[in-house]
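So the structure is just underneath, and the comments pick up after that.
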Amino acid sequence: MIENDFSQGALVEQMSKVLSDVVTYKFQAHGYHWNVKGPFFSQFHEFFEELYEDADDSIDPLAEIIRKLGVDAPFTLDDFSSLTCIDPMPIACGDPIAMSTELLKSNMHIKAHLTLAYDIANSMDEQGACNFLAERIDMHSKWIWQLKTTVGADHTASVVVTVDGFDPDKDGDDDSTPEGDIDHDFFPSLGE
């Protein structure tokens, strides 16, 4: 039997962070889709649409994983705002490269949080969640690659994103995940 290093509460909390990140990112990409300007408007308008549609398609399954764990999923704007680490920056003058850079940062945050959620779910033998999270990690890896190429970061300086407990330079097979401290004010049903 695999030893369980995390509690169900740790998985609920991490999945809630992922859900909040994805909802925030969806609106960020959608807003950029509406407001992009310049000679390559059509290409970026379509690309940003692909991003927000992909994010939108993942929101319901993320919430359903939380519900399967027996807890209500966050759903208010206040919930999402308090749980996300993404700060969608308004981009003056609709610069598509600046927008792409912000979307790259957001995708890197989401991928890091997905990886933490995957590690927790895997330690708990929550294979359904693991399968979904692995697919989302792969999809965000694709968006990171495409956005890095778009902004020129694939051959130049890297964009660095820091997430507590996650080191993107490590292979993920160590103990780099957080211990899963629960915010009992936000998740009172999980007890202390």
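Just so it is clear, none of the values below were taken in a lab; they were calculated from the coordinates. Not measured: the values here are computed from a predicted model. Cβ coordinates were reconstructed from backbone atoms using ideal geometry, including for glycine residues, and neighbour counts include every protein chain displayed.
List the residues, sorted by chain then number, that are 5 or more residues from D154 or on another chain and whose placed amide H is less than 5 Å from its amide H.
T149
Cα centroids of the stretch 99-153 and the stretch 1-69: how far apart, whole angstrom?
Each part's Cα centre sits 9 Å from the other's.
Roughly how compact is the stretch 8-177, stated as its Cα Rg over 2.2 N^0.38 Å to two decimals? Numbers along the way, then the final one.
Values: Rg = 15.9 Å, N = 170, 2.2 N^0.38 = 15.5 Å.
That ratio works out to 1.03.
Using 7 Å Cα-to-Cβ label points, what is the Q127/D87 separation (nm, one decimal)?
4.3 nm
Compute, for the stretch 8-177, the length of the dipole vector about the Cα centre, with Cβ point charges of +1 (Lys, Arg) and -1 (Asp, Glu) only. Units Debye, rounded to 20.
Taking the Cα centre of the stretch 8-177 as origin, the dipole is about 460 debye.
Residue by residue through the stretch 30-46, what is 3J(HN,Hα) from phi via Karplus (6.51 cos²θ - 1.76 cosθ + 1.60, θ = phi - 60°)? Round to whole Hz and write x for glycine and proline.
Values, residue by residue: 5, x, 5, 4, 5, 10, 5, 9, x, x, 10, 3, 4, 5, 6, 4, 5 Hz.
Pop out the ³J(HN,Hα) list for the stretch 116-129 in order, Karplus 6.51 cos²θ - 1.76 cosθ + 1.60 with θ = phi - 60°, rounded to Hz; leave Gly and Pro as x.
4, 4, 4, 4, 5, 4, 5, 5, 9, 6, 8, 5, x, 5
Name the residue farthest towards the positive end of the dipole of the stretch 8-177 from the options Q43, I59, T76, assuming +1 on Cβ of Lys and Arg, -1 on Cβ of Asp and Glu, about the Cα centre.
Ranked along the dipole, the leading option is Q43.
What does the highest-first list of 54-62, 10-18 look like by mean Cβ count within 10 Å? Working shown, then result.
Numbers: 54-62: 17.3, 10-18: 25.6.
The peptides rank, most packed first, as 10-18, 54-62.
Treat every Asp and Glu Cβ in the stretch 65-160 as -1 and every Lys and Arg Cβ as +1, leave all other atoms uncharged, and give the resulting dipole magnitude about the Cα centre to the nearest 20 debye. Mind showing how you got there, number by number?
Values: 7 positive and 12 negative charges, 43 e Å.
Approximately 200 debye in magnitude.
Along the Cα→Cβ direction, 7 angstrom out, place labels at K37 and A134. What is the inter-label distance in nm?
Result: 4.6 nm between the two label points.
Relative to a virtual label point 7 Å from the Cα of A98 in the Cα→beta-carbon direction, which members of the stretch 27-43 show backbone nitrogen distances below 14 Å?
Flagged as within label range: 32, 35-38.
Restricting to lysine pairs 8 or more places apart or on different chains, what number in the stretch 8-177 have Cα atoms under 20 Å apart?
So the count of such lysine pairs works out to 18.
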